[in-house]
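Please treat every number below as a calculation from the coordinates, not as lab data. Quick caveat, the model's predicted, so the values are computed rather than measured. A quick note on method: Cβ atoms are made from the backbone with ideal geometry, for glycine too, and the neighbour counts reach across all protein chains shown.
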Amino acid sequence: MTFTVAITGRPNVGKSTLFNRLVGKRLALVDDQPGVTRDRRMGAARLGDIKFNIIDTAGLEDADSSSLERRMRDQTEQAILEADVTLFLIDARAGVTPLDQSFATMLRRSGKPILLVANKVEGRKGDDGYYDAYSMGFGEPIPISAEHGEGMVDLRDALVASVGEDIAFGNDEAQSSDDSGDAEIWDDQDFDPDDDFEPEYDNTKPLSICVVGRPNAGKSTLINQMVGADRLLTGPEAGITRDSISVDWEWQGRAIKLFDTAGMRRKARVQEKLEKLSVADALRAVQYAEIVVIIFDATIPFEKQDLHIVDLVAREGRAPVLAFNKWDLIKDKQAVLKDLHEKTERLLPQLRGLRTVTLSGQTGKGLDRLMEAIIETDRIWNKRVSTSRLNRWLDEVQAYHPPPAVSGRRIRFKYITQAKTRPPTFVAQCTRPEGLPASYERYLLNELRATFELPGVPLRLHLRKPENPYGNRKRNTSK
């Protein structure tokens, strides 16, 4: 058993800094600009000898019911309801403000245990604000410095006293880390020409799915529709999402972690520091994901930035799925669908056979097809072809289309094997690999894709030169 802690407070009091301190990673974006955090973000925290779940929230603000700030506040209130304990942060250097007093009244009505935390107490500048915090009626405030790690022992003791020792120490089992599943790079000693092993696809293993795309393509709306709740902040404004937010979900009994990301604009248009941080966070989410769903706006598809995003996913070796969102806004669906398929094949030749799905994140229509495409793409991305089949194939393709001659001597392939999966990576041994034309490499990759049914995922082919068995022998010069 474990417990959940929510971090709340007005903007720019150090909530995300404390969140990063407790999870031990820079997961949440931190900037001097107020209101950086918008969605609620969950993480696994550790403080001394206790472990718990932590929720970072947006800054509490008074706002009109139709505004973005009000929707951010709704997300924070939902986090308070989910939490067992709420940490109410104030800025000790700024002292207790009227906004702090207003939200203290709201927190009292929640009926949950409230721990008042006075942040930024390093030095003497926070002394006045710390003593002023007693007037809020939450008892003795806990003085900390989230940035410098001061006061963490006092915070740990206060959490244990708030939830009780049975709950605080009830979950000592360490969580197992997620296995990337990538096989080790192949060595010459691993080659077995008679290897027929081809493992079955494991459809019960947890799956990590990252959703990317241009701003306002409907990424957060799609994830909310998938999980069946308003988990992420949405609205007509472009660029609402800033952090890469993970959401746990289950589909047909399979555990899935969904990652929502900030919209990616062209690099030349990204000028502000905060947007650069958001895009960098989205790129990290792509690097660590397994399946990447690239959201296209079906009303304006195949913008130049869309193609850049797909190419980025392919270069990272992730398994891509293309989703044309806002399909409910398309009138002549048959004609548009034909045009989309033609452009996909023509503009994305590096991912021949890429799976595409039309859907509506607003209504949920097409989500089943999206999940089927995701599972099938993951199966191909994890596929392993036996060495014996690969070498029979290599003999056939060489006979049909022999490698070209370099300096009057024809290149010869000795053998080929699959070095790893995720993405499928092959290693071939041939004479003079540096002289093999790129066109013949593309020919081999295309034939691999077609013969072994590997459509729509990146493939890698590494060429190696056979070792000279006499290379280490010294020449005998004696007569």
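For the range 4-168, the orientation-averaged shadow of the C-alpha convex hull comes to 8.8 nm² (one quarter of the hull surface). Per-residue Karplus couplings for the range 146-160, computed as 6.51 cos²θ - 1.76 cosθ + 1.60 with θ equal to phi - 60°, are listed in order as 4, 6, 9, x, 7, x, 5, 5, 5, 5, 4, 4, 5, 5, 4 Hz, Gly and Pro entered as x. Placing +1 on the Cβ of every Lys and Arg and -1 on the Cβ of every Asp and Glu, with nothing else charged, gives the range 202-381 a dipole about its Cα centre of roughly 460 debye. Working from the Cα coordinates of the range 202-381, the gyration tensor eigenvalues give, after taking √(5λ), semi-axes of 21, 20, 18 Å in decreasing order.
For MET264, the amide hydrogen comes within under 5 Å of the amide hydrogens of GLY213, ARG214, counting only partners 5 or more places away or on other chains and with H modelled in the peptide plane. Its Cα gyration tensor gives the range 387-464 an equivalent ellipsoid, and the semi-axes of that ellipsoid, as √(5λ) in whole Å with the largest first, are 21, 13, 12.
Taken along the Cα-to-beta-carbon direction at a fixed 7 Å, the label points for TYR134 and ASN203 span 6.5 nm. With each label modelled as a point 7 angstrom along the Cα→C-beta vector, the GLU150-ASP248 pair spans 3.6 nm.
As an exercise, use a Förster radius of 30 Å and the Cβ-Cβ distance of ASP157 and LYS257 to find the FRET efficiency, rounded to the nearest 0.05. Taking R0 as 30 Å, the efficiency between ASP157 and LYS257 is 0.40.
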